[in-house]
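Structure first, then comments.
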């Protein structure tokens, strides 16, 4: 949203002729003359509260909030029940980013005169700025009761409501603001960006295109870029971000977002260029530097990323974030022993670091002392500064650490606590999931595929590895990536991102809009996906994309990439779901946090895969995890042959392959195969009885 809305300057109802004249001079911009006139009054009486307050107003007009706060403090001391003095002091404090003091003064002003529209308005601005959207909305509503035609009060009320999640009412007030002030760029831009937040992307484009001088207005261009990006129009989004940067080269957020668009387009050279430009322009901003480091990691430039983050550790010694990144990269590279001293340094500076404990939990070769486990549990129970997600991550880490000691009942209690916290943030909607699957089944039927024969790009390079999480997808990718002709790309979101963009443009959910996709558009999207595969070395005849949830998208993949191969990983349903429940995944997995939801979602997955086996023209192989454990070489040879490449014995030594692994299985895929993972759910047989009963009821 636009952040440059000015506060209403406090103003007296002054009867004294000298101060009335001074106010007139200040309004005309003749500030020096106004100061001389007010100073004359202060020479007579240095404690003249009205004169002091007038000097404060002039200082605010000069954008000197430090001087203003001094004058207003003296005015308040001499006339403590004057609303205007407290109001002016509150505005000065907010301009100085002294939020707590500003809110205190503004609340005092409102308490002295609740009907004062200016006090309510400025209190609303302060609350909006500090993220208290509900109270901000109340303050702006009180302003509007006194002044219904105030466009800025309507605009800011709309912003408070939208940011608080009340989109319909918020948008009504924002539209009223544009009607009351049709030439206000701020009102129009805020409406446009609120429409983006509310998911009304086409309406946002229409509103932002009405902004006067939009081509040179960075806020308008960023809004247009965000809307087009959500609509999947990535080239248009990039163009608007470029215009925003032409108007304001220092707009770091726009540069970072442009880099993200280039990354979605598969233009890694342009992506790195923009991330580096953002980091160069703000070398002292850790976030900009971490964005560049994150890109290097995502594009599997792990050694470069490691070197880069090591430099950040020296550049930002007060922050533990570079240390966490370094330790995480080392673990993904399989260098667990090298990561341990880095994690210990983090804990020495921040004994309650949830992220450090998360890394310790991932290192299954490490014994965690009892006192450290107890310290983590005390921290999780007592630290009020942890947000819900941090607390959940901590409970999962504690559970995994306890699990390694064989304390299964206690570990399960911790898993339950972590899942309950995650379920608050990611509630599972059974009806929505069923409706989504029904729409997929209706859209991608045999007639759909028959009418699109020959569409897309038949390039055989992509191999998609799909299935439920924890079904062996990471192991299968590691086996294939150990072959010199295969490049493992890890979990990529290209396919769901493109599909979601098409559906959002229709204002719906996947697969809305897919049936309207043209042959040319399918070819263009396929080209975009294949461009992302160019990161692989030329010797790689196959590239893997291991996003398990792509089992939902096989129809869309067949439309774009009919030459692709699908490796479907299956595992015992109870082992799969028990393992999911005991893992805190990155991203959005609402089904994972409740045993009944897990069973329900597994049933939908089973139904979808049966459908694809029946109608999808893609080549699909089923790899059963238990068969892979029982006859590793036989199944591995079958897998490699399916991919259309000759056998290589390095696939048998998958655990020796030196490559970054970005998933929760980074430890397991570096170990030889063991049979201990089979039937692992039975360690929790009593606790998992509800899951088993739900599974039997749904019949997967």
Check your understanding: Within region 446-470, how many residues are outside any loop (DSSP other than H, G, I, E, B) and without any contact (Cβ under 8 Å) to a residue 60 or more places away in the chain?
Key -> 2
Revision key, fill the gap. Among (1) in a loop (DSSP other than H, G, I, E, B); (2) surrounded by fewer than 21 Cβ atoms within 10 Å (Cβ to Cβ); (3) modelled with pLDDT of 90 or more, residue 496 falls short only on (1)
Revision key, fill the gap. Sole miss for residue 53 among (1) under 46 Å from the mean Cα position of the chain (by Cα); (2) surrounded by fewer than 20 Cβ atoms within 10 Å (Cβ to Cβ); (3) modelled with pLDDT of 90 or more is condition (2)
Exercise for review: Of the numbered conditions (1) modelled with pLDDT under 90; (2) closer than 30 Å to residue 655 by Cβ; (3) within 19 Å of the chain's Cα centre (by Cα), residue 489 fails exactly one; give the number of that condition.
Suggested key: (3)
Review point. Given 194, 238, which one is within 18 Å of the chain's Cα centre (by Cα) and on the phi < 0 side of the Ramachandran plot?
Key: 194
Check your understanding: Just a yes or no: is a residue in region 346-369 in contact (Cβ under 8 Å) with a residue 12 or more places away in the chain, over 21 Å from residue 684 (Cα atoms), in a helix (DSSP H, G or I) and more than 29 Å from the chain's Cα centre (by Cα)?
Key -> no
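Outside any strand (DSSP E or B), surrounded by 20 or more Cβ atoms within 10 Å (Cβ to Cβ) and at pLDDT 95 or above: which single residue out of 600, 568 fits that description? Walk me through it before giving the result.
Numbers: 568 fails: outside any strand (DSSP E or B).
It is 600.
I need the full set of residues from region 619-633 which are surrounded by fewer than 14 Cβ atoms within 10 Å (Cβ to Cβ) and touching a helix residue (DSSP H, G or I) at 6+ places or on another chain (Cβ under 7 Å), in order please. Spell out how you get there, then give the answer.
So the first thing to find is which residues in region 619-633 are surrounded by fewer than 14 Cβ atoms within 10 Å (Cβ to Cβ), and the list is 622, 630-631, 633.
633, the sole residue that qualifies.
Any residue in region 253-263 that is in contact with a helix residue (DSSP H, G or I) (Cβ under 7 Å, 6 or more places away or on another chain) and farther than 22 Å from residue 528 by Cα? Can you show your working first?
Quick first cut of region 253-263, residues in contact with a helix residue (DSSP H, G or I) (Cβ under 7 Å, 6 or more places away or on another chain) only: 254-259, 261-263.
Subset that is farther than 22 Å from residue 528 by Cα: 254.
Taking every residue of region 253-263 in turn, at least one turns out to be in contact with a helix residue (DSSP H, G or I) (Cβ under 7 Å, 6 or more places away or on another chain) and farther than 22 Å from residue 528 by Cα.
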Check your understanding: Here are some conditions: (1) outside any loop (DSSP other than H, G, I, E, B); (2) modelled with pLDDT of 90 or more; (3) loosely packed, with under 13 Cβ neighbours inside 10 Å. Residue 427 meets all but one. Which one does it not meet?
Key -> (1)
Study note, to complete from the structure: Only one of 15, 23 is at pLDDT below 90, out of contact with any helix residue (DSSP H, G or I) (no Cβ under 8 Å at 6 or more places or on another chain) and surrounded by fewer than 21 Cβ atoms within 10 Å (Cβ to Cβ), namely 15
Practice item. Could you please tell me which pairs satisfy a Cβ distance under 8 Å, a separation of 6+ or placement on different chains, a first residue in region 672-696 that is at positive phi, and a second residue that is modelled with pLDDT of 90 or more and in a helix (DSSP H, G or I)? Key: 679/575
Point to revise | Candidate set: region 674-700, residues that are surrounded by 13 or more Cβ atoms within 10 Å (Cβ to Cβ) and part of a loop (DSSP other than H, G, I, E, B); chosen: the one modelled with the lowest pLDDT | key: 700
Check your understanding: residue 570 is checked against (1) within 27 Å of residue 629 (Cβ to Cβ); (2) within 27 Å of the chain's Cα centre (by Cα); (3) touching a residue at least 12 places away in the same chain (Cβ under 8 Å) and fails just one. What number does that condition carry?
Key -> (2)
Check your understanding: Looking only at region 132-164, which residues are more than 17 Å from residue 118 (Cα to Cα), surrounded by fewer than 24 Cβ atoms within 10 Å (Cβ to Cβ) and either over 25 Å from the mean Cα position of the chain (by Cα) or touching a residue at least 12 places away in the same chain (Cβ under 8 Å) (or both)?
Key -> 133, 134, 163, 164
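The values are calculated or read from the model by the stated rules, or taken from the named source; none is laboratory data. Computed from a predicted model, the values in this text were never measured in an experiment. Positions of Cβ are generated from backbone atoms using ideal geometry, with glycine treated the same way; all protein chains shown enter the neighbour counts.
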